[in-house]
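The values are calculated or read from the model by the stated rules, or taken from the named source; none is laboratory data. Values in this document were obtained by computation on a predicted structure and should not be read as measured data. Glycine gets a Cβ as well: all are built from the backbone with ideal geometry, and neighbour counts include every protein chain shown. Calculation scope for accessible area: heavy atoms of the full protein, side chains included, ligands and nucleic acids excluded. Shrake-Rupley method; radii C 1.70, N 1.55, O 1.52, S 1.80 Å.
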Amino acid sequence: MTSDLPELRRPDGSPLRILAVDDEQMLTDLLAMALRMEGWEVRTASSGMEALQVAREFEPDALVLDIMMPDLDGMSVLKRLRESGNLVPVLFLTAKDAVGDRVAGLTAGGDDYVTKPFSLEEVIARLRAIIRRTGHATADDGQSILRVADLTLNEDSHEVVRDGTEIELTATEFELLRYLMRNERRVLSKAQILDRVWSYDFGGKSSVVELYVSYLRKKIDAGRTPLLHTVRGVGYMIKAPQ
């Protein structure tokens with residue numbers, strides 16, 4: 001289904017582990033089939049309580065988690081995982097389409113959100129995005145080091161260095177910087193950045209992009225020749241000094 005993309009694996013080279021949770025068995029069977037075609041190891045659960053038990057035993061690299069379940073809903077499952085110190089990335093599945101529900105799921109600690117009905121390709125693409133963003137996998141794509149002037153970004157180790165100084169970034173800051181560096185000298189709009197970095201619609205709140213660009217500037221450009229540039233009315237770009 002996405003065989004043309006670099007294969008994602010655990011840092012030790014073993015297959016990624018995905019836990020798919022939904023009370024509709026037909027849906028979890030389809031998800032499991034599609035995820036196994038990616039070369040990933042898959043377990044399924046049909047209830048919130050079962051999901052917690054399997055998560056403890058299986059130690060997945062990501063969860064596909066339905067919000068509406070009869071015994072323990074997805075929000076409660078995520079809450080219990082986070083309270084136990086489990087920071088596994090979570091992709092929510094739900095029939096709800098309101099922006100408020102999306103924000104609630106993400107505020108609770110979820111990483112992304114897919115609304116039913118969805119395509120299996122979309123689920124896999126979003127899973128790949130959050131797994132890469134949170135550093136739970138490496139990709140054999142031959143392009144692990146990105147460079148712009150004296151700034152380097154290692155996609156495998158998530159190390160960012162400028163002029164010999166290592167820079168600590170959050171997962172979202174890292175993904176934003178990677179997107180900019182992969183598109184050096186190209187102006188990216190706020191809508192493009194929202195879609196690629198956050199993978200969901202904030203309901204028009206593109207100010208989050210401005211906020212994260214400002215975070216990056218403080219870490220990347222402070223006291224140095226600027227690499228990050230604002231193109232007023234268009235978007236943002238990164239480029240080496242002339």
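Worth a mention:
- Whenever a residue of segment 196-217 is open to solvent by less than 60 Å² (accessible area, probe 1.4 Å), its partners that are modelled with pLDDT under 80 and assigned to a loop (DSSP other than H, G, I, E, B), lying with C-beta atoms within less than 7 angstrom and at least six residues away or across chains, give the pairs 208/202.
- Single residue of segment 118-145 satisfying the filter (open to solvent by 50 Å² or more (accessible area, probe 1.4 Å) and at pLDDT below 80) that is nearest to residue 177 (Cα to Cα): 143
- Hey, residue 148 among the β-branched types (Val, Ile, Thr), surrounded by fewer than 15 Cβ atoms within 10 Å (Cβ to Cβ) and at pLDDT 90 or above or not: no
- Selection of segment 32-61 for residues being touching a helix residue (DSSP H, G or I) at 6+ places or on another chain (Cβ under 8 Å), in a helix (DSSP H, G or I) and within 20 Å of residue 75 (Cα to Cα) yields 48, 51, 52, 55.
- Test for residue 78: is it open to solvent by less than 50 Å² (accessible area, probe 1.4 Å) and in contact (Cβ under 8 Å) with a residue 60 or more places away in the chain: no
- Subset of segment 151-185 [modelled with pLDDT of 85 or more and open to solvent by 60 Å² or more (accessible area, probe 1.4 Å)]: 159, 163, 164, 165, 166, 168, 182, 184, 185
- If the condition is being among the basic types (Lys, Arg) and either closer than 17 Å to residue 122 by Cα or under 21 Å from the mean Cα position of the chain (by Cα) (or both), then segment 18-59 contributes 36, 43.
- One residue from 66, 23, 29 being open to solvent by less than 60 Å² (accessible area, probe 1.4 Å) and either farther than 25 Å from residue 119 by Cβ or among the acidic types (Asp, Glu) (or both): 66
- Among the residues of segment 40-63, the one identified as among the polar types (S, T, N, Q) and surrounded by 20 or more Cβ atoms within 10 Å (Cβ to Cβ) is 44.
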